[in-house]
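Q: Sharing a structure, written as structure tokens. Questions coming.
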Ligand code: GDP
């Protein structure tokens, strides 16, 4: 009986196994059949030609990304402003010699032109007339030209034989003579009692007034003085900015007012500050609006009056643009009638062939040229020395011979 039971169990197990295998096989086959074959890849539809404007968004895409870059970088490049580098201005002695080549345009007229005329074999009336014309053309002025030519004629006649060296020396002598080498050209930039000297700088806009204030500050610093700058040209915001930059380069202080502030009050404050800080010189830049003589007189007169409450103005420099020639002389005269000009600064001599304007300015105004501007560089302002100037005008060129 037991065997029968065992046999039945075994058979039952075998039957169950057989049924299980069969069902598994069917399920497996059904599963494979159920996965449908992959559909073939359809051919790509033809791409329609892009309309021209369709490219625009594509082109804009990178542009749209562009602002992202600086936005990320901006904080990284924001460095604190560098402190101004304190400069050591060039010594003033020898500047005229260093800058002599800047007179090259005038050298063509004086050195090459005049000297070659003078060395002609026969100095007849016609040649003397040509010499006269050259001098007038170089802005020497009619009166000074007559004087120079008359004296040259006499001396050449007396000398008889003329070597190139003699002729150069004769012409140089006459030019130096009309420039009056005995005039006092020193800048009154210090006071014996040690209080600050006051130096007013006047002139029409564009003449180089503000630049000259900056350059004069460097001249004074180079000569061992301490300087304070007053930005009393309050009508031009840029003037105060310009002056601040110049001052920063030589470690000088600037006193400036709000735009449109009363120039006289700024000048007054500048002198007061100069006294407080015991500087040697206060240099005051003024506005150069030549609206009319009365307006100018009011403005400059008031500055002078107000500043004088601290003490006298020691030097008033008139800045003149050499390239404006005889027209500039007319404007200059107006200034001399309004304020007591004590010295002339002739700027932009490097930009003219008419270096003779130095002679005309001095003679017409009766005021010595004290400084000359020979370029835009910070130290391109030289104390005027007639002998060195004439030497530079005549150049180192050998005398020309008959053309
Ligand atoms: P302001 O209006 O009289 O104060 O004139 P600025 O000082 O602003 O100068 C006017 C221009 O003249 C600037 O570009 C200066 O650099 C230029 N300048 C001043 N002096 C000289 C000079 O001696 N030579 C040359 N070539 N340019 C000069």
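Values in this text are rule-based calculations from the coordinates and carry no lab data. A quick note: this is a predicted structure, and the numbers were derived from the prediction, not measured. All Cβ positions, even for glycine, are placed from backbone atoms using ideal geometry, and neighbour counts span all protein chains on display.
Q: Identify the residues of region 102-120 with backbone N under 14 Å of a label point that sits 7 angstrom from the Cα of residue 162 along the Cα-to-Cβ direction, or state none.
A: 113-120
Q: If you take the square roots of the eigenvalues of the alpha-carbon gyration tensor of region 195-286 and sort them as a ≥ b ≥ c, do you get rounded (a/c under 1.5), prolate (a/b over b/c) or oblate? Show your work: numbers first, answer last.
A: Values: a/c = 1.71, a/b = 1.23, b/c = 1.39.
Cα axes put region 195-286 in the oblate bin.
Q: Could you work out the relative contact order of region 251-403, using alpha carbon pairs under 8 angstrom and six or more residues apart, expressed as a whole percent?
A: Computed over region 251-403, the figure is 16 percent.
Q: How would you classify region 307-384 from its alpha-carbon gyration tensor, with a ≥ b ≥ c the square roots of the eigenvalues: rounded for a/c under 1.5, else prolate if a/b is greater than b/c, otherwise oblate? Each step should come with its number before you reach the end.
A: Numbers: a/c = 2.32, a/b = 1.40, b/c = 1.66.
Cα axes put region 307-384 in the oblate bin.
Q: Relative contact order, percent, of region 175-245 when contacts are C-alpha pairs under 8 Å separated by at least 6 residues?
A: Averaging sequence separation for qualifying contacts and normalising by length gives 20 percent for region 175-245.
Q: Please work out how much length the chain gains when fully extended from residue 186 to residue 173, using 0.36 nm per residue of separation minus the C-alpha to C-alpha distance, in nm with one decimal. All intermediate terms of the calculation are to be shown ahead of the outcome.
A: Values: separation 13, 0.36 × 13 = 4.68 nm, distance 2.23 nm.
Here the answer is 2.5 nm.
Q: Please label the shape of region 95-148 as rounded, prolate or oblate, based on the square roots a ≥ b ≥ c of the eigenvalues of the alpha-carbon gyration tensor (a/c under 1.5 means rounded; beyond that, a/b larger than b/c means prolate, else oblate). Present the calculation step by step, with values, prior to reporting the outcome.
A: Values: a/c = 2.90, a/b = 1.63, b/c = 1.79.
Since a/c reaches 1.5 but b/c is at least a/b, the shape of region 95-148 is classed as oblate.
Q: Please work out the FRET efficiency for the pair residue 97 and residue 308, using the Cβ-Cβ distance as r and a Förster radius of 51 Å; give the result to the nearest 0.05.
A: Numbers: r = 38 Å, r/R0 = 0.75.
Computed FRET efficiency for residue 97 and residue 308 comes out at 0.85.
Q: Starting from the Cα-Cα distance between residue 330 and residue 86, subtract it from 0.36 nm times their residue separation and give me the gain in nm to one decimal. Don't skip to the answer; put the middle values down first.
A: Details: separation 244, 0.36 × 244 = 87.84 nm, distance 3.94 nm.
Here the answer is 83.9 nm.
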